[in-house]
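> Quick one: this structure, given as structure tokens, is what I'll be asking you about.
The values are calculated or read from the model by the stated rules, or taken from the named source; none is laboratory data. As the structure is a computational prediction, the values presented were derived from the model and not from experiment. Please note: Cβ atoms are built from the backbone with ideal geometry, for glycine as well, and neighbour counts cover all protein chains shown. Calculation scope for accessible area: heavy atoms of the full protein, side chains included, ligands and nucleic acids excluded. Shrake-Rupley method; radii C 1.70, N 1.55, O 1.52, S 1.80 Å.
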Amino acid sequence: MKLSNYEKDILAGKYGPAKGLCLKIEVELAEAYGVDRLVPISGAHIDANSYGRVSGEAKLDFARRVVGEGGKVSVPTTLNPGGRDITRWREFRIPEGFVHKCEMMEEAYMEMGAIPTWTCTPYTYGTVPCRGEQIAYAESNAIAFANSVLGAKTPRYGDFLEVCAAITGRAPYFDLHKDENRLADLWFQVEDPKPFSYSDDLFYSLLGYYVGSASGGQVPVITGLPTGINRDALKNFGAAVASSGGVGLFHIVGVTPEAPDLESIASEEGRSRRTDVSGRDLLDVRGELNDTSTDGVDLVLLGCPHASVRECQLVVDVLSGRTVADGVEFWIQTNRGVYSWLEGMGISRRLRKEGVRVSTDSCLFNWPLDNWNFSSAVTNSAKFAHYAPNELNLTTSIRDINGCVSAAVTGGVYDEL
Ligand code: F3S
């Protein structure tokens with residue numbers, strides 16, 4: 001493997017043991033995959049900072065080891081949701097012992113010099129990478145958004161390689177870091193969206209889920225969609241395509257920056273692998289994500305990925321003064337940047353008044369939910385609907401925001417199509 005003099009000095013321990021250890025991990029892994037050099041990065045997003053129900057201790061051990069050896073991040077580094085809402089953890093009934101572990105994790109990453117974003121949507125505020133920037137991101141939706149919508153370049157890093165990259169400022173030069181790996185391998189042509197519409201956010205979640213399932217980790221390009229797709233729809237598309245198919249980069253012709261037209265983003269072979277998709281196909285996807293064994297609901301969950309101001313405003317508008325039914329919890333997950341705007345706009349006050357709880361800093365999948373008796377959930381998130389049945393043991397249905405609000409105020413799930 002070719003290393004610069006600076007990288008050789010890091011390995012030799014000239015810049016401290018933590019940086020040396022992290023670069024050693026990266027070099028060994030890179031060599032195992034036949035990668036011949038490293039690339040300097042200008043930003044990182046860490047996922048290993050969540051103290052969660054699964055692998056919390058291993059993550060904490062790693063963070064404390066890096067801190068113990070003097071590790072500091074070398075590039076602006078944002079952090080994924082942690083294991084608790086830092087301010088309102090009591091309201092969400094998170095046990096104190098678990099909170100204590102979360103605090104240790106938070107302290108470790110603050111000691112490393114990371115930015116306390118605690119969000120899976122770091123692209124909504126803070127450090128937003130530009131087109132062409134080499135970065136090292138973990139968290140599948142953030143990766144898909146950064147690559148596809150922003151045009152930055154990152155493979156799908158996972159714990160703990162992204163931490164090593166943040167500490168060293170270097171990443172193995174492979175996969176989506178390289179332009180030749182960013183061309184589309186297969187093509188999806190969207191035909192008639194009915195019974196959905198192009199202005200329906202759920203349409204993009206279902207389409208993402210469909211495309212991801214059929215892509216199997218390859219790079220898809222989508223045609224037939226209108227320009228001007230809103231950011232939330234792209235966010236939800238990215239989360240879905242990454243959940244069902246491990247996709248780290250997608251292109252939408254006329255919408256995402258690397259796809260001005262089909263010919264320049266897909267080779268002849270890619271263009272020959274064409275699938276036509278219609279709204280009828282997406283109804284099947286919706287059926288796949290809906291468990292119809294119950295029509296009751298005890299949790300309505302929005303904000304997976306973390307909700308935007310627009311999504312929260314939509315909830316307030318649709319609620320229009322109605323309150324959440326007894327026996328139902330309606331939760332919206334978001335980040336501190338969005339929450340401060342919700343406070344300033346009076347939206348959080350209205351949500352609280354109508355019985356909606358807003359959480360920040362965290363993700364339900366990290367929490368112990370033992371103090372709640374949830375068995376069935378409704379969500380607008382294909383990602384949540386994909387993982388919750390197995391990971392949280394919840395019967396799950398997917399609806400648009402109107403359908404989620406309707407479930408919250410009535411306590412029942414109804415089919416609106
Ligand atoms: Fe974010 Fe957790 Fe969903 S990290 S994308 S809220 S699973």
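> Could you tally the net charge around residue 69, taking each other residue with its Cβ under 15 Å from the Cβ of residue 69, Lys/Arg +1 and Asp/Glu -1?
+4
> Still on this structure, please answer the following. Of all DSSP beta bridges in the chain, what percent run antiparallel (nearest 5)?
10 percent
> Check cross-link reach from residue 59 to the lysines: straight Cα distance under 16 Å, and skip same-chain residues fewer than eight apart.
Cross-link targets: 101.
> Leaving out ligands, DNA and RNA but keeping every protein chain, what accessible area does residue 362 have, in Å² rounded to the nearest 10, with a 1.4 Å probe?
Answer for residue 362: close to 0 Å² accessible.
> Which whole DSSP H helices in the chain pass both tests: a Cα extent of 20 Å or more along the axis and a mean Kyte-Doolittle value no lower than -1.0?
Span-like helices here: 17-32, 96-111, 201-215, 231-245.
> Using all alpha carbons of the range 2-104, what is the percent of pairwise distances in each 5 Å bin, ordered from the shortest bin to the longest?
All Cα pairs, binned at 5 Å, distribute as 2, 11, 16, 20, 18, 13, 8, 6, 4, 2, 0 percent.
> Quick test of your reading: applying the under-4.7 Å Cβ rule, which cysteines of the chain are isolated?
Within the chain, the cysteines lacking a partner Cβ under 4.7 Å are 102, 120, 130, 304, 312, 363, 404.
> Cα centroids of the range 377-403 and the range 9-27: how far apart, whole angstrom?
About 43 Å separates the Cα centre of the range 377-403 from the one of the range 9-27.
> Ok, one more. If amide H atoms are built 1.01 Å from N in the plane of the peptide, which residues on other chains or at least 5 residues away come under 5 Å of the amide H of residue 300?
Those lying under 5 Å, H to H, from residue 300 are 329, 330, 331, 378.
> Which order do the peptides 343-353, 12-22 come out in when sorted by mean C-beta neighbours inside 10 angstrom, highest first?
12-22, 343-353
> In nm, to one decimal, how far is the residue 372 label point from the residue 87 one, both placed 7 Å along Cα→Cβ?
So the two model labels end up 1.9 nm from each other.
> Let me ask something else. Taking amide H positions as placed in the peptide plane 1.01 Å from N, state which residues far from residue 222 in sequence (5 or more) or on other chains have amide H under 5 Å from it.
Hits under the 5 Å cutoff: 188, 251, 252, 253.
> Okay, moving on. Say R0 is 30 Å: what FRET efficiency, to the nearest 0.05, do residue 268 and residue 36 get from their beta-carbon distance?
Efficiency at R0 = 30 Å is approximately 0.55.
> Which aspartates and glutamates does residue 178 reach when only Cα atoms under 18 Å apart count, and residues fewer than 8 places away in its own chain are ignored?
26, 31, 36, 133, 162, 258
> Kindly identify the range 183-287 as rounded, prolate or oblate by the Cα gyration tensor criterion: order the square roots of the eigenvalues as a ≥ b ≥ c, call it rounded if a/c is under 1.5, otherwise compare a/b with b/c, prolate if a/b is larger, else oblate.
Rounded, because the longest to shortest axis ratio a/c is under 1.5.
> Let me ask another. Given N residues in the chain, what is its alpha carbon radius of gyration divided by 2.2 N^0.38 Å?
0.98
> Taking amide H positions as placed in the peptide plane 1.01 Å from N, state which residues far from residue 38 in sequence (5 or more) or on other chains have amide H under 5 Å from it.
When sequence neighbours closer than 5 places are left aside, the close amide H contacts are 173.
> Right, next: Along the Cα-to-C-beta direction of residue 131, a point sits 7 Å from the Cα; which residues of the range 64-108 have their amide N less than 19 Å from that point?
none
> DSSP loop (so not H, G, I, E, B), at most 12 other Cβ within 10 Å: list which GluC sites (Glu not before Pro) in the range 139-197 pass both filters.
191
> Counting Lys and Arg as +1 and Asp and Glu as -1, what is the net charge of the other residues whose Cβ lies under 15 Å from the Cβ of residue 95?
Net of charged neighbours comes to +1.
> Another question about this same structure. Ignoring everything except DSSP H segments at least 4 long, calculate the 222 nm mean residue ellipticity for the chain; use -39,500 (n - 2.57) per segment, divide by total residues, nearest 500.
Estimated from H runs of four or more residues: -12000 deg cm²/dmol.
> What residue among 38, 52, 23 has its Cα farthest toward the positive end of the dipole of the range 23-66, where the charges are +1 on Lys, Arg and -1 on Asp, Glu, each on the Cβ?
Among 38, 52, 23, the one farthest towards the positive end of the dipole of the range 23-66 is 52.
> Taking only C-alpha pairs under 8 Å that are 6+ residues apart, what is the relative contact order of the chain in percent?
17 percent
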